[in-house]
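Accompanying notes for the structure given below.
The values are calculated or read from the model by the stated rules, or taken from the named source; none is laboratory data. These figures come from a predicted structure and were not determined experimentally. Positions of Cβ are generated from backbone atoms using ideal geometry, with glycine treated the same way; all protein chains shown enter the neighbour counts. Each accessible area value is taken on the protein alone, full model and side chains, heavy atoms only, with ligands, DNA and RNA left out. Shrake-Rupley method; radii C 1.70, N 1.55, O 1.52, S 1.80 Å.
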Amino acid sequence: GLRLAVAKGFTKIIIEMDSQIAVNLFQQRDSLCFHPLAALLSNCGQILRHFESWDIQHIFREKNGLADCLAKWSQNLDLNIQLFTSAPVWASSALADDLLGVTRGRLICTE
């Protein structure tokens with residue numbers, strides 16, 4: 001995703017992810033030289049140098065309905081990149097909910 005943003009000429013990005021652990025690891029990437037993901041974290045940090053500004057944030061999965069909608073849709077696709085210049089019509093309600101801050105519930109197994 002970062003390489004694609006660089007290739008498309010973006011100068012400012014906000015990275016949102018639903019893993020607080022991954023956000024924390026990334027924010028501490030310079031001090032994690034022996035962590036199994038250190039090389040990946042370092043590579044992402046190098047790519048981010050291409051941007052004028054960037055931010056990485058944790059977002060609760062329940063508040064990221066568009067990402068969930070796109071992930072479910074992509075399960076039936078071949079492995080390749082799908083680019084959208086605007087939100088697909090079938091995902092517009094998820095986008096609207098996200099912009100309004102609507103939280104979607106999800107079921108989790110507790111046993």
Seminar exercise, completed: Matching residues in the range 1-47 (among the small types (Gly, Ala, Ser) and surrounded by 11 or more Cβ atoms within 10 Å (Cβ to Cβ)) number 6
Problem set entry | Of all residues making up the range 48-66, the number that are farther than 22 Å from residue 9 by Cα, among the hydrophobic types (A, V, I, L, M, F, W, C) and buried (at least 16 other Cβ atoms within 10 Å of the Cβ) | 2
Exercise. When the range 53-91 is examined, which residues are found to be assigned to a loop (DSSP other than H, G, I, E, B) and touching a Leu at 6+ places or on another chain (Cβ under 6 Å)?
Worked result: 87
Exercise. Among the residues of the range 71-95, which ones are open to solvent by less than 90 Å² (accessible area, probe 1.4 Å), under 17 Å from the mean Cα position of the chain (by Cα) and of a type in the set (A, V, I, L, M, F, W, C)?
Worked result: 71, 73, 87, 91, 94, 95
Exercise. Which ones in the range 4-44 are in a helix (DSSP H, G or I) and of a type in the set (Asp, Glu)?
Worked result: 30
